[in-house]
Each structure stands twice: as structure tokens, then as C-alpha cells.
Amino acid sequence: MKNKTPYFLLPLLLLLLACMKVNSQTKIMTYNLRFDNPRDNENAWSERKDEVVQLLDYYAPDFCGTQEGLHSQLAYIAEKIPNFKFVGGARDDGKQKGEYSAIFYNSAKFDLLETTTFWLSPSQDTGSVGWDAALPRVCTYGIFKNKMSNDTLYIFNAHFDHIGEMARKMSATLIVEKIKTLGLLNKKIILMGDFNCTPQQDPIQIFKKELHDGLDISKKPLYGPSGTFNSFDAQLIPQNRIDYIFTKNMEVLSYRHINDKRQNGLCVSDHLPVLVYMGPGSR
């Protein structure tokens, strides 16, 4: 006689399987916060910081690569959201001076194994402006281990220069070379950021030679507007896509540009956050 699962245990088993499925998914977000600029008036950080926190807390990404955040902004987010820690060094001194390309992570779910910040310039290890860039730019790299599955993720977050065309192209080349030098092409990689260029431009094409644009391989079509930059224009439907999540050896279940607004109808930031659900499989 075959053993049968008692009927009253079936709901518990189904719930357990559902929980295991959800836990095996990883939520990745990239979000340009807009730096704390008092001249932004009604769009100033002081006016919208709580709604930025609410957005992050609601969508609850496991990882969020932020751009432009100053130390005080990042510390505020970390203070308000339990278990949401960040790593990275600021672009002016590698410590706390200037804007970050930080990586926030859910410390209840992931352990940080290693992290570093390098400059997007020929002098990667020292504060410097690369090529024809207007400003110093950095990339933060972290290695994170899932506490339950022991999966290891290799995550990069960067903000490319808004002026230097050569700097953007060379920054993309530098990051790809860094990935190769570290021997990561067979690992689970996430590269995200504000790359200040559209899909057909050289930096994105350089990335796509070795990585997958998450939108291209998503099992579901894009949810939200096609673009990610709104310039704080609440009436605009963004068309200009300059924020991305790339991946390697991972499964992309869905890809979304979040066009939520503040309670007063204004924009939460001048960029839309990009949210991707990653599955346990690989590509």
C-alpha cells in the first residue's frame, strides 16, 4: 500500500513550495536617486526622500544599485529600511566625498563577501577623471552569497559621464575587461547603472558582446514606458532609455520601468527605477 500525504498537509506543502519559489527569485533594481540639490525646489531631496524610501521599501529589491546618492542620502535610506545595507566609495576620494555608485543589499538574505570601488579612467585605483569626461566616475563591485542557496552573485554598478562620448565608450570597455580579468564570464553576473546612452550607442553594444541586456531576454515584455529619464517632468512619458540591467548566466523573468509618482503627482526622481526579477535558472 502506497503512502499518501494526509490531505490536511497539502496546503502546507503548497505554501512551502510557493515560499521556496519566491525565495529562489532575486529582485534587482537600478535607480538614479538625483543628488541632494537644494536648487531643485519642489523636487529637492528634502521634499521627496520619504517617498524614495517608501518606493524602495514597497518593491523591496534584494539589490539596488544607486547613482548620484551622496553619503547623507544613502545613510538616510539605510537608516529607514531594516537590513538594507550599502557598499561603495564616493567618486571624489573613494570614501564619503561626492556622489556614489553604491550597491544596497538585503543583508538578511545575502552575505557580502568582497567589495571594491574603482575609477572609470586609465588610473582605476586612484581618484581621477577619465578620457574626455567632465567629472570623475566610479564603478562599485561586490560579491554576495545567498544565505539559503549558497548561490554567489557578482554585481557591478556604475554611472557613466554625461558629457564625454569617448569616456562612456572606454568605461564600458574597461568594465568588460575587468569582468574578463576577474574570470567571471562563467559566473552569475549583474551589471547595472545609468550609462547615459541609448541602446544603439557604442557603450551598450560593447556590453552586449559579452553580457545580455535583461530586457532582451526577459520572459515577459517590458512593463512601463520605454524610457527611464523624465527630467522631473511629471507629464512626460519617458522615451529616453539610459538606465539598464545587464546579466550573464542568469534567467530574467520580468523587466519593468517603474513610473510611480509622489502623492502630489510629482516625480520621485528624475530617473525611473528599473526592476528585474531573476529566476534560479541560467541562460
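Among the numbered conditions (1) over 18 Å from residue 199 (Cα atoms); (2) exposed (fewer than 14 other Cβ atoms within 10 Å of the Cβ), tell me where residue 129 comes up short.
(2)
I'm told residue 129 meets every condition in (1) in a loop (DSSP other than H, G, I, E, B); (2) of a type in the set (Val, Ile, Thr); (3) under 26 Å from residue 187 (Cβ atoms) except one. Can you identify the failing condition by its number?
If we test residue 129 against (1) in a loop (DSSP other than H, G, I, E, B); (2) of a type in the set (Val, Ile, Thr); (3) under 26 Å from residue 187 (Cβ atoms), just (3) comes out false.
Out of the residues in the range 224-283 meeting the condition of being in a strand (DSSP E or B) and of a type in the set (S, T, N, Q), tell me which one is nearest to residue 203 (Cα to Cα).
Looking at residues that are in a strand (DSSP E or B) and of a type in the set (S, T, N, Q), I get 247.
Enumerate the pairs (first residue in the range 191-204 and within 16 Å of residue 178 (Cα to Cα) and among the aliphatic types (A, V, I, L, M); second residue anywhere and at pLDDT 95 or above and not in a loop (DSSP other than H, G, I, E, B)) with beta-carbon separation below 6 Å, excluding pairs fewer than 6 apart on the same chain, so at least 6 apart or on different chains.
191/156; 191/246; 192/30; 192/65; 192/157; 192/245
Cβ-Cβ under 7 Å, sequence separation 6+ or interchain: first residue in the range 238-256 and at negative phi and basic (Lys, Arg), partner outside any strand (DSSP E or B) and modelled with pLDDT of 95 or more. Which pairs?
241/198; 241/199; 241/226; 241/227; 241/228; 248/185; 248/211; 256/224
Restricting attention to the range 224-283, and to residues there that are closer than 23 Å to residue 188 by Cα and among the acidic types (Asp, Glu), which single residue is nearest to the chain's Cα centre (by Cα)?
243
Name the single residue that is surrounded by the most Cβ atoms within 10 Å (Cβ to Cβ) among those in the range 107-116 being among the hydroxyl-bearing types (Ser, Thr, Tyr) and part of a strand (DSSP E or B).
115
For the range 227-279, which residues satisfy the criterion of being of a type in the set (Lys, Arg) and either closer than 21 Å to residue 73 by Cα or in contact with a Gly (Cβ under 7 Å, 6 or more places away or on another chain) (or both)?
Listed by number, the residues that qualify are 241, 256, 261, 262.
Among the residues of the range 144-167, is there at least one that is of a type outside the set (D, E, K, R), under 17 Å from the mean Cα position of the chain (by Cα) and on the phi > 0 side of the Ramachandran plot?
No, every residue in the range 144-167 fails to be of a type outside the set (D, E, K, R), under 17 Å from the mean Cα position of the chain (by Cα) and on the phi > 0 side of the Ramachandran plot.
Any idea how many residues of the range 117-126 are surrounded by 16 or more Cβ atoms within 10 Å (Cβ to Cβ) and among the β-branched types (Val, Ile, Thr)?
1
Tell me, which residue of the range 248-283 that is among the hydroxyl-bearing types (Ser, Thr, Tyr) and at pLDDT 95 or above is surrounded by the most Cβ atoms within 10 Å (Cβ to Cβ)?
Looking at residues that are among the hydroxyl-bearing types (Ser, Thr, Tyr) and at pLDDT 95 or above, I get 255.
When both residues are 6+ apart or on different chains and their Cβ atoms are under 9 Å apart, which pairs have a first residue that lies in the range 124-143 and is at positive phi, and a second that is among the aliphatic types (A, V, I, L, M) and part of a loop (DSSP other than H, G, I, E, B)?
Qualifying pairs under 9 Å: 131/120.
May I ask you to verify whether residue 241 is under 25 Å from residue 33 (Cα atoms), out of contact with any strand residue (DSSP E or B) (no Cβ under 9 Å at 6 or more places or on another chain) and of a type in the set (D, E, K, R)?
no
The values are calculated or read from the model by the stated rules, or taken from the named source; none is laboratory data. The structure displayed is predicted, hence computed values, not measured ones. All Cβ positions, glycine included, derive from the backbone under ideal geometry; neighbour counts span all protein chains shown.
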